[in-house]
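Reading through the structure tokens given below for one structure.
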Amino acid sequence: MILVLADWLDCSAMNSTRPHSQSGITLQFRGVTKTFYDRARSVEALQPFTTDVAAGEFVCLLGPSGCGKSTLLNIVAGLELPTAGQVLAGGKPITAPGSERALLFQEAALFPWLDVQANVEFGLRQQRRSAQERADMARSLLAMVHLTGFEHSAVHQLSGGMRQRVALARALAIDPAVILMDEPFGALDAITRDRMHAELEAIWSATGKTILFVTHNVREALALGDRILTFSPRPGRVVQEVRVTLPRPRSLESHALVDMAAQILSVMRTAEANAAALPA
Amino acid sequence: MPADSQKHSPPVERSPAGSRTTWLRRAGFYLLLLLSWELLARSGLWPPWLFPGPSLVVESLISMLNKGLLLKAVAVSGQRILIGYAISLMIGVPLGLAIGRVRWIHETLGSLVVGLQALPSVCWLPLAILWMGLSERAIIFVVVMGALFSITLGVESGVKNTPPLYLKAARTLGARGLALYTQVILPAALPAVLAGLKQGWAFAWRSLMAGELLFFSLSLGNLLQTGRDLNDASQVMAVMLVIILIGVSIDQMIFAPAERQVRIRWGLYTRETD
């Protein structure tokens with residue numbers, strides 16, 4: 001794993017070109033609630049959710065689909081507003097998207113009309129940086145995610161894993177303090193996913209950014225998170241909070257991790273069964 | 001590096017299998033067509049001023065070229081369509097964007113545009129002549145009415161089908177206001193926009209020809225009309241050929257390459273299936 005890390009991530013590229021890389025900020029969730037209204041009925045997507053995420057903490061939101069974890073991420077990204085409660089980022093209430101928070105999706109969501117480098121430059125262009133500055137930053141970020149030589153490739157020429165790495169570089173380009181990830185590796189094969197885990201972990205430890213990572217994969221959450229919040233669906237609520245103290249980097253196959261996964265899964269199953277027993 | 005680095009080479013548009021046989025077949029077909037046309041014309045069933053063969057048509061074409069009529073006519077018609085099309089673009093693109101993105105505009109103007117699209121633009125000609133006389137403005141008005149709604153509807157459908165994921169990604173990366181339109185919504189809509197532009201061009205061309213039939217000044221449509229007045233079917237056919245030629249070459253030189261470019265960019269041409 002260490003070898004893979006060294007091979008896959010050239011953090012010196014990042015440190016040399018981004019001396020003032022922004023480190024993480026806190027996230028405070030204060031009774032965040034989301035209810036969707038559909039003509040006749042209302043659906044409670046998220047019951048009041050309160051927690052504090054420390055600066056530089058890696059928190060995984062774990063749960064089956066429909067448990068409100070993506071909604072929560074959209075709220076932090078500023079794409080949706082909570083029905084009640086609020087989220088503070090670095091002490092300031094979130095009301096709109098902001099460059100201190102970057103969001104990554106399961107699909108890389110790269111723009112097909114732009115080449116790889118122009119995709120990475122997209123956020124910098126919104127900040128009206130000079131062409132030279134944009135190109136320099138894009139190149140060093142692409143070097144960091146090991147895509148040097150692909151600057152002018154079209155998006156469709158890249159594999160799924162490469163696309164996610166471009167998306168990561170594009171998000172890091174705006175130098176966010178918080179990275180929000182919505183099942184970013186869900187569509188990747190197991191080996192590529194392992195590499196992406198190592199890569200993400202290395203970037204995280206090099207930059208100290210706060211990461212909120214949504215997944216339905218228990219082992220993925222255990223491999224990456226400092227803390228895991230397990231959600232249950234209908235209505236979305238936290239049923240379990242686990243602090244993961246296993247040493248890093250973690251192997252998905254280690255006994256300790258597999259044992260913890262089994263425990264968390266049994267809690268999830270019980271919660272799911274309880275939810276299913278209720279009238280929908 | 002991962003094994004996927006071999007995909008780095010640029011995509012190559014594959015010519016369809018056996019493209020040489022395709023060309024041979026096509027050339028043979030047209031040769032046969034011309035030959036039977038000539039034979040039929042010389043059979044004596046119809047007088048040559050009603051049904052001339054290709055040889056007479058080419059003769060007429062050359063004579064019009066020599067008299068300088070044809071180039072002048074092409075220039076006049078070309079200028080009209082360019083002005084009309086440019087105006088249609090300037091109105092149609094923002095209008096399509098507005099209808100596609102703003103609900104109340106969609107509910108009001110949107111329905112009107114769909115209704116007007118159903119009206120062949122030549123139907124505007126009597127009104128245009130009443131309002132503006134037999135003037136350049138009248139004919140350009142008809143051209144605009146032909147192209148405008150296709151362009152508007154193309155832009156609208158492209159904008160409506162912009163994947164919400166692109167918008168979410170762009171917004172979290174800091175794009176807002178006008179930048180969201182110019183850098184995300186319009187480029188994302190490009191395939192549908194192009195289809196609308198192409199259809200708009202075809203409609204503009206048709207409207208122009210129909211309109212010019214009624215005008216007295218020299219133009220392609222007017223050459224058709226004078227051919228009729230002079231009982232000269234070979235001139236009519238020669239002008240028809242020129243009109244086809246111009247239509248096909250605009251498509252081949254402008255729209256086809258643009259569409260191919262978009263398809264390559266969007267990855268619709270590759271055979272890679274990962």
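Working note: 222 nm ellipticity from helices only, DSSP H runs with n ≥ 4, each -39,500 (n - 2.57), summed and divided by the residues of chain A, gives -12500 deg cm²/dmol to the nearest 500.
What percentage of all Cα-Cα pairs in the stretch B:57-155 are separated by more than 24 Å? Present the calculation step by step, with values, prior to reporting the outcome.
Details: 1880 of 4851 pairs.
More than 24 Å apart: 39 percent of the Cα pairs in the stretch B:57-155.
Karplus-derived 3J(HN,Hα) values for the stretch B:92-99, using 6.51 cos²θ - 1.76 cosθ + 1.60 with θ = phi - 60°, are x, 5, x, 5, x, 4, 5, 5 Hz; glycine and proline are entered as x. Summing Lys and Arg as +1 and Asp and Glu as -1 over all other residues whose Cβ lies under 14 Å from the Cβ of B:SER111 gives a net charge of -1. Give me D for chain A in µm² s⁻¹, whole number, from Stokes-Einstein with Rh from the Kirkwood sum over alpha-carbon pairs, 10 °C and 1.306 mPa s. In µm²/s, the coefficient rounds to 82.
The Stokes-Einstein estimate for the stretch A:125-185, based on a Kirkwood radius over Cα pairs and taken at 10 °C with 1.306 mPa s viscosity, is a diffusion coefficient of 128 µm²/s.
Residue by residue along B:175-188, Cβ atoms of other protein chains within 10 Å of the local Cβ number 2 on average.
What separates the Cα centres of the stretch A:23-46 and the stretch A:199-268 is a distance of 22 Å.
Distant-in-sequence amide contacts of A:PHE49, defined by a placed amide H-H separation under 5 Å and a gap of 5 or more residues or a different chain, comprise A:GLY31, A:VAL32, A:THR33. Positive-end ranking of B:PHE203, B:ALA147, B:ALA179 along the dipole of the stretch B:136-211, with charges on Cβ about the Cα centre, is headed by B:ALA179. Seen from all directions on average, the stretch B:99-252 presents a Cα convex hull projection of 11.2 nm². For chain B, the longest principal axis of the alpha carbon atoms and the long axis of helix B:256-265 meet at an angle near 20°.
Where in the stretch B:173-274 are there trypsin sites (Lys or Arg not before Pro) that are in a DSSP coil and have at most 14 other Cβ atoms within 10 angstrom of their Cβ?
Values: sites: B:ARG176, B:LYS198, B:ARG206, B:ARG228, B:ARG260, B:ARG263, B:ARG265, B:ARG271; in loops: B:ARG176, B:ARG271.
Loop-located and lightly packed - B:ARG176, B:ARG271.
For A:ILE25, nonlocal amide neighbours, meaning residues 5 or more places apart or on other chains whose placed amide H falls under 5 Å from its own, are A:GLY56, A:THR210. Between the listed residues B:ILE62, A:PRO176, B:VAL122, the Cα displaced farthest toward the positive end of the dipole of the protein assembly as shown, a dipole computed from Cβ unit charges relative to the Cα centre, is found at B:VAL122. Dimensions of chain B based on its C-alpha atoms, expressed as ranges along the principal axes with the largest first, amount to 73, 55, 29 Å.
Based on C-alpha pairs under 8 angstrom that are at least 6 apart in sequence, chain B has a relative contact order of 23 percent.
Enter the accessible area per residue of the stretch B:100-184 (Å², integer; probe 1.4 Å; all protein chains in place). Kindly include the intermediate steps, with their values, before the conclusion.
Details: 4140 Å² over 85 residues.
Normalised by residue count, the accessible surface of the stretch B:100-184 is 49 Å².
Helix B:233-250 and the longest principal axis of the Cα set of chain B meet at an angle near 20°. Taking only the Cα atoms of the stretch A:131-280, the ratio Rg/Rh comes out at 1.04, with Rh defined as the Kirkwood radius. Give the residues of the stretch A:72-110 whose amide nitrogen is closer than 12 Å to a point set 7 Å from the Cα of A:THR50 in the direction of its Cβ. Taking a point 7 Å out along Cα→Cβ of A:THR50, the residues of the stretch A:72-110 whose backbone N falls under 12 Å are A:85-86. Is any residue of the stretch B:206-240 close enough, with backbone N under 15 Å, to a label point placed 7 angstrom from the Cα of B:ILE254 along the Cα-Cβ axis, and if so, which? Taking a point 7 Å out along Cα→Cβ of B:ILE254, the residues of the stretch B:206-240 whose backbone N falls under 15 Å are B:206-209. Between B:LEU24 and A:ALA273, the distance separating the two model label sites (each 7 Å from Cα on the Cα→Cβ line) works out to 7.3 nm.
Semi-axes of the protein assembly as shown's equivalent ellipsoid from the Cα gyration tensor, sqrt of 5 times each eigenvalue, largest first, rounded to whole Å? Mind showing how you got there, number by number?
Numbers: eigenvalues 756, 150, 90 Å².
After scaling each eigenvalue by five and taking roots: 61, 27, 21 Å.
Can you tell me, using C-alpha contacts under 8 Å and at least 6 residues apart, the relative contact order of the stretch B:148-274 as a whole percent? This gives 23 percent for the stretch B:148-274. Calculated on the Cα set of the stretch A:211-250, radius of gyration then Dmax: 10.7, 34 Å.
When Rg is the radius of gyration of the Cα atoms in the stretch B:174-268 and Rh is its Kirkwood radius, what does Rg/Rh come to? All intermediate terms of the calculation are to be shown ahead of the outcome.
Values: Rg = 19.3 Å, Rh = 16.0 Å.
Answer for the stretch B:174-268: 1.21.
Remark: mean inter-chain Cβ contacts per residue of A:148-158 equal 5, using a 10 Å Cβ-Cβ cutoff to other protein chain atoms. The angle between the Cα long axis of helix B:186-212 and the longest principal axis of the Cα atoms of chain B comes to about 20 degrees, rounded to the nearest 10.
Modelled spin-label separation between B:THR226 and B:ILE83, with each label point placed 7 Å from Cα along the Cα-to-Cβ direction: 2.0 nm.
Using the 1.4 Å probe convention, the accessible area of the stretch A:2-277 works out to 40 Å² per residue with neighbouring protein chains retained. With θ taken as phi - 60° and the Karplus curve 6.51 cos²θ - 1.76 cosθ + 1.60 applied, the whole-hertz 3J(HN,Hα) list for the stretch A:77-87 is 5, x, 7, 10, 9, x, 5, 8, x, 8, 10 Hz, x standing for glycine and proline. Every Cα-Cα pair in the stretch A:28-121 was counted, and those over 20 Å apart are 45% of them.
Enter the buried accessible area of the A/B pair, total of both sides, probe 1.4 Å, in Å² rounded to the nearest 100.
On the way: alone 12900 and 17080 Å², together 27060 Å².
Counting protein atoms only, the buried area is about 2900 Å².
Ligands, DNA and RNA left out, the accessible area of the protein assembly as shown computed with a 1.4 Å probe is 62% carbon and sulfur. Simple point charges give the picture: +1 on the Cβ of Lys and Arg, -1 on the Cβ of Asp and Glu, and for the protein assembly as shown a dipole about the Cα centre of about 680 debye.
Treating only the Cβ of Lys, Arg, Asp and Glu as charged (+1, +1, -1, -1), what charge dipole size does chain A show about its Cα centre? Round to the nearest 20 debye.
On the way: 27 positive and 27 negative charges, 128 e Å.
Roughly 620 debye for chain A.
Electrostatic bookkeeping for B:SER77 treats Lys and Arg as +1 and Asp and Glu as -1; over the other residues with beta carbon under 15 Å from its beta carbon, the sum is +1. Give the separation of the Cα centroids, the stretch A:70-106 to the stretch B:61-75, in Å. So the separation of the two Cα centres works out to 67 Å.
The values are calculated or read from the model by the stated rules, or taken from the named source; none is laboratory data. Quick caveat: nothing in here was measured; it's all calculated off a predicted structure. Virtual Cβ from ideal backbone geometry, glycine too; neighbours counted across all protein chains shown. These area figures cover heavy atoms from the full protein model, side chains too; ligands, DNA and RNA do not enter into them. Shrake-Rupley method; radii C 1.70, N 1.55, O 1.52, S 1.80 Å.
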